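Structure first, then comments.
The values are calculated or read from the model by the stated rules, or taken from the named source; none is laboratory data. Note that the structure is a prediction, hence the values are computed from the model and not measured. Virtual Cβ from ideal backbone geometry, glycine too; neighbours counted across all protein chains shown.
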Amino acid sequence: MSMLKLYYTKWCPDCHAAIKVLEEKNINFEKIDIDGNPDAVKTVTEAMGKKMVPVLERNGKFIDGNHFEMEKFEKDLEYLLG
């Protein structure tokens, strides 16, 4: 099983909210800053249809964390971490 990945940018408030939740829940994850990272931008764009952050990914499943909403985020985590 692969590690949870969070595609983010340093300037994104929704990204900071997602990071805070993941850290508070002690969930192991890899942060991938898409700024200046064309491969990460390509991955997100191909998966989501456009460039956006935050995006969670695990085992090829991608979830949009844009417009951060705690209840939705927690359901998405359940789905990804199953």
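Remarks
- Taking the criterion of being modelled with pLDDT of 85 or more, surrounded by 12 or more Cβ atoms within 10 Å (Cβ to Cβ) and touching a helix residue (DSSP H, G or I) at 6+ places or on another chain (Cβ under 8 Å), the residues of the range 60-73 that qualify are Lys61, Phe62, Ile63, Asp64, Phe73.
- Per-region count, the range 8-22, residues surrounded by fewer than 17 Cβ atoms within 10 Å (Cβ to Cβ), more than 13 Å from Met52 (Cα to Cα) and either touching a residue at least 40 places away in the same chain (Cβ under 8 Å) or among the small types (Gly, Ala, Ser) (or both): 2
- Taken over the range 1-14, the residue count meeting the criterion of being farther than 13 Å from Leu80 by Cβ, among the hydrophobic types (A, V, I, L, M, F, W, C) and in contact with an Asp or Glu (Cβ under 9 Å, 6 or more places away or on another chain) is 1.
- When residues of the range 29-48 are limited to those that are part of a loop (DSSP other than H, G, I, E, B) and at pLDDT 95 or above, the one farthest from Tyr8 (Cα to Cα): Asn37
- Residue in the range 24-43 that is surrounded by fewer than 16 Cβ atoms within 10 Å (Cβ to Cβ) and among the hydroxyl-bearing types (Ser, Thr, Tyr) present: no
- Candidate set: the range 49-72, residues that are over 10 Å from the mean Cα position of the chain (by Cα) and not in a loop (DSSP other than H, G, I, E, B); chosen: the one farthest from Tyr7 (Cα to Cα): Glu71
- For the range 23-59, the set of residues classified as β-branched (Val, Ile, Thr) and free of Cβ contacts under 8 Å to residues at least 40 places away in the same chain consists of Ile32, Ile34, Val41, Thr43, Val44, Thr45, listed by residue number.
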